[in-house]
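Values in this text are rule-based calculations from the coordinates and carry no lab data. The structure displayed is predicted, hence computed values, not measured ones. We place every Cβ from the backbone using ideal geometry, glycine too, and count neighbours over all the protein chains shown.
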Amino acid sequence: MPAATLDAFLNSYLGEPDELRAAVVMTVRRLTQAATTIRNTINQGVLGTAFAGTRGANADGDVQKDLDIFADDIFLDAMRHAPVALYASEELEQPVLLDKQAPLAIAIDPLDGSSNIDTNVSIGTIFSLLPAIGAPDGNPAASFLQAGVNQLGAGFFIYGPQLALVLSLGSGTHVFVLSTRLGTFVQAYESRIIPQRTEEFAINAANYRHWDEAVRLYIDDCLEGTEGPREKDFNMRWIASLVADCYRILMRGGVFLYPGDKRKGYRQGRLRLVYEANPIAYLIEQAAGAATDTITRILEIQPESLHQRVPMVFGSAREVARITRYHTEPSAIGERAPLFSRRGLFRA
């Protein structure tokens, strides 16, 4: 039996005529067209004209690559031809009003992992679909200051060995891969389920000295392997590309940690809540995983600003819950018997 196409999946989601669902379907289709254009540009590598040059900094202070701006322009233009009222991007200080009568708002990271552009590592595009809502003061950012539970759908494109779309519209997390032979996206995985348990974690270990005690203790316990309190060996992974790390976890489980730390500007984390953490958390939860800011469920956090940052832990649900316990009730972690207390839970 041939695999279903993205078009078939979207038609099934649409079902009976429904204005909001029809808007979601049309927007996803426009996004896939834009992503294909981005993929074609990325495939040119250093031979292309919009590859790895640097422009300066974006509204949030991060260094912009030429390809960041190129990608943002492509997606913004695509959304002008979709039923989207407001477009918010990592690369823009304020949302762009496209059509005040349209029902959707889209928040997007046009090119996640752009620091990896010139190293040929997988990068991607992350997006969140929200209902467009009015604000008494006419604030165009109001639609993006909704908790993540209000998302109508979310997804990301990953520009890797294949161009893949990871998508959820509220009924599981599905993976589609662009078939160059068929000229369309074909479903590769239906309703991914992340294993509850794992022996793999992803974190930037170079920041160990900056972490809070709870994070250090969790990683220490994992690194002790079979001889430590976890009584099993762990593998460590870190790609420095959010979409690539998320895709790996969706395929085989694991847990990802990007905690806040003691460095200037890092206490509140570095991932953006509205257009990075919320859509990733939505996809992870729809795949039976969990996502928190180490303590609070990501999708329940009320955004206060468009570019708000947040710490993030996501992946296998039991491991995410364990990391929360390291932060909230370390003495209740059963494995932390006196045999393993040489570091001290509350070391100065």
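Residues considered: 286, 302, 151. Largest GNM mean-square fluctuation over the chain, using C-alpha springs under 10 Å, is found at 302.
In nm, what is the difference between 0.36 nm times the number of residues separating residue 19 and residue 302 and their Cα-Cα distance?
Value of the extension gain: 99.2 nm.
Starting from the Cα gyration tensor of the stretch 203-283, take the square roots of the eigenvalues, sort them a ≥ b ≥ c, and report rounded, prolate or oblate (rounded when a/c is under 1.5, otherwise prolate if a/b is larger than b/c, else oblate).
oblate
Amide H contacts of residue 113 (H built 1.01 Å from N, in plane; Pro and chain starts excluded): 242 sit under 5 Å, all sequence-distant by 5 or more or on other chains. Shape class for the chain, computed from the alpha carbon gyration tensor (a ≥ b ≥ c): prolate, with a/c not under 1.5 and a/b above b/c. Projecting the Cα atoms of 64, 281, 130 onto the dipole axis of the chain, where Lys and Arg carry +1 and Asp and Glu carry -1 at the beta carbon, places 281 farthest toward the positive end. Separation of the stretch 220-234 and the stretch 153-179, taken as the distance between their Cα centroids, equals 34 angstrom. The distance from the alpha carbon centre of the stretch 105-134 to that of the stretch 245-260 is 17 Å, rounded to a whole number.
Taking the Cα centre of the chain as origin and assigning +1 to Lys and Arg Cβ atoms and -1 to Asp and Glu Cβ atoms, the resulting dipole is close to 680 debye. Highest mobility in the GNM of the chain, judged by mean-square fluctuation with C-alpha springs under 10 Å and restricted to 104, 20, 67, is found for 20. The magnitude of the dipole of the stretch 83-207, with charges of +1 and -1 set on the Cβ of Lys/Arg and Asp/Glu and taken from the Cα centre, is near 440 debye. Partners of residue 232 within straight-line reach, counting aspartates and glutamates whose Cα lies under 14 Å from its Cα and excluding those fewer than 8 residues away in the same chain: 199, 200, 220, 221, 224, 319, 335.
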